[in-house]
Amino acid sequence: MATFDLIVKGGKAINADSVFFADIGVKDGKIACIGAELQDAETVYDAKGKLVIPGGIDIHTHIDAPINGSHTLDDWYQGTVSAACGGVTCVVDYPMQEKGLTLRGILDKWSKKAAGSAVIDYSFSPVITDRSEEAFEDLPRLIDEGFPTWKVYMAYWHRVRDEETIRLLDVISSHGGLLSIHCENDFAIDYLTKKLLSEGKIDPKYHPVSRPPVCEENATQTVIDLAEMVDANVMIVHMSCKGALERARAAKKKKNTIIIETCPHFLLLDDSVYDQPLEQACKYVVTPPMRKAEDREALWQGIVSGDISLVSSDHCAFPYDEKIKLGQESFATIPHGAPGIEARLPVVFSEGVSKGRITLEKFVEVVSANPARIAGMYPQKGTISVGSDADITVIDPEKEVTLSVAQMHSNCDFSPYDGVQVKGYPVATISRGTFIYKDGAVMDVRGHGQLVKRSRFKPF
């Protein structure tokens with residue numbers, strides 16, 4: 001019997017705090033040895049000239065999800081295949097609590113969807129839409145069972161009220177959990193949207209006008225204040241603008257309880273994308289909207305400074321024809337979302353590392369290590385270390401790819417990254433010692449993914 005099941009040989013290994021050349025020996029799904037000139041393995045993968053990083057972790061996705069009258073296209077097989085081809089080895093999805101389902105009920109429903117289909121590991125951060133007494137009673141037990149992260153929205157039909165927000169922050173945080181919040185002032189957005197529509201301003205270019213940065217800034221400050229009142233931890237998701245970042249940065253100086261997330265589209269694009277005809281502009285209708293170029297650069301600076309802890313995809317793959325059809329009525333009826341799970345690592349690497357904005361260590365920090373810490377999976381995941389899961393992504397730093405719908409693996413028939421040229425691309429993705437994607441080929445491993453039982457949130 002061979003000493004190792006797999007050796008990843010000759011690569012440059014990157015952790016959030018270190019860079020080193022080593023062979024990585026894998027046994028029974030775990031990293032068993034890190035050393036020089038390892039021998040005796042059933043399989044040897046030559047990673048010479050490549051970067052070997054802990055598998056990417058995306059903790060903000062919407063897979064196979066009914067959302068606001070629409071439904072995302074990727075099921076749990078195709079969504080996780082797309083993730084794996086983009087260097088992701090674990091996702092934490094945001095299933096929305098449907099009317100009539102308890103929090104435990106939504107967890108059970110989504111677990112059944114993923115089991116037997118997902119090719120990489122997974123877990124869930126349910127969106128709490130029913131803030132009943134039953135929900136508040138369930139939360140401590142579900143945190144104990146390995147589901148420490150949850151989400152609410154300050155926008156849409158299920159927007160959370162301040163009195164509910166502060167109670168959720170208090171209960172979840174006091175039991176070792178973390179509440180994620182979509183921060184937008186929905187009342188202001190509703191007013192601005194109705195005003196624009198009454199004036200006949202229906203084109204996608206008015207989408208960012210209806211949801212200006214101040215709506216995000218105002219909601220962010222509200223969340224910060226509520227969290228401070230009850231000494232709670234909180235994560236602000238998909239931050240898009242300089243003003244909101246400044247509010248959160250000021251709060252973080254008082255106490256490190258504010259986790260900030262941004263997304264690749266905010267790091268790459270700006271609001272000029274809405275100046276195109278409907279057929280193109282609708283691809284970029286997400287919330288919050290794309291902002292100004294100065295906001296984009298502020299976000300990159302926030303990553304460098306450490307104020308922004310992670311980059312997630314917010315993968316939400318609605319049908320392209322639906323976005324076009326509904327967009328003919330107005331910008332307000334276009335489903336808010338776009339695919340991004342496969343493009344996340346390539347875009348952040350290309351725009352960040354290849355262009356000299358961030359170091360290799362910072363890249364690993366925001367796409368793998370910090371997501372693992374935030375989700376309660378570190379050091380089981382998020383690090384190249386002995387004893388950790390053998391979740392490994394191999395990146396060719398010189399490989400140049402033009403991103404396209406045809407080249408990606410999502411069921412979605414459009415991409416906001418279509419035509420974007422990137423330098424640095426995943427060439428192999430390994431989940432618990434098993435190849436999911438290798439040298440352009442997807443392995444036949446349907447159902448390999450497992451539900452991850454996670455630990456309580458620990459500030460870092």
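The values are calculated or read from the model by the stated rules, or taken from the named source; none is laboratory data. Treat the numbers as computed from the prediction; the structure is a model and nothing was measured. We place every Cβ from the backbone using ideal geometry, glycine too, and count neighbours over all the protein chains shown.
Candidates in segment 368-382 are the residues that are in a loop (DSSP other than H, G, I, E, B) and either without any contact (Cβ under 8 Å) to a residue 40 or more places away in the chain or crowded, with 24+ Cβ neighbours inside 10 Å (or both); of these, the one that is farthest from the chain's Cα centre (by Cα) is 379. Only one of the numbered conditions (1) in contact (Cβ under 8 Å) with a residue 12 or more places away in the chain; (2) crowded, with 20+ Cβ neighbours inside 10 Å is not met by residue 329, and that is (2). Of the candidates 243, 302, the single residue that is over 30 Å from residue 90 (Cα atoms), touching a residue at least 24 places away in the same chain (Cβ under 8 Å) and part of a helix (DSSP H, G or I) is 243.
The residue list 162, 186, 225 contains one member that is acidic (Asp, Glu), buried (at least 17 other Cβ atoms within 10 Å of the Cβ) and at negative phi, which is 186.
Per this entry, residue 391 is not counted among residues that are at pLDDT below 95, on the phi < 0 side of the Ramachandran plot and touching a Pro at 6+ places or on another chain (Cβ under 8 Å).
The set of residues in segment 1-32 that are over 15 Å from residue 50 (Cβ atoms), crowded, with 19+ Cβ neighbours inside 10 Å, free of Cβ contacts under 8 Å to residues at least 60 places away in the same chain and not small (Gly, Ala, Ser) contains only 4. Residues that are touching a Ser or Thr at 6+ places or on another chain (Cβ under 8 Å) and under 21 Å from residue 415 (Cβ atoms) were ranked within segment 343-367; the one that is surrounded by the most Cβ atoms within 10 Å (Cβ to Cβ) is 345. When residues in segment 182-212 are screened for being out of contact with any helix residue (DSSP H, G or I) (no Cβ under 6 Å at 6 or more places or on another chain) and closer than 25 Å to residue 223 by Cα, 7 of them pass.
Filtering segment 94-138 down to residues that are of a type in the set (Ser, Thr, Tyr) and touching a residue at least 40 places away in the same chain (Cβ under 8 Å), which residue is farthest from residue 451 (Cα to Cα)? Of everything passing the filter in segment 94-138, 94 is farthest from residue 451 (Cα to Cα).
Assessment of segment 367-377 against the conditions (modelled with pLDDT under 95 and of a type outside the set (A, V, I, L, M)) yields no matching residue. Checked against the criteria, residue 421 counts as surrounded by fewer than 24 Cβ atoms within 10 Å (Cβ to Cβ), more than 15 Å from the chain's Cα centre (by Cα) and farther than 27 Å from residue 453 by Cα.
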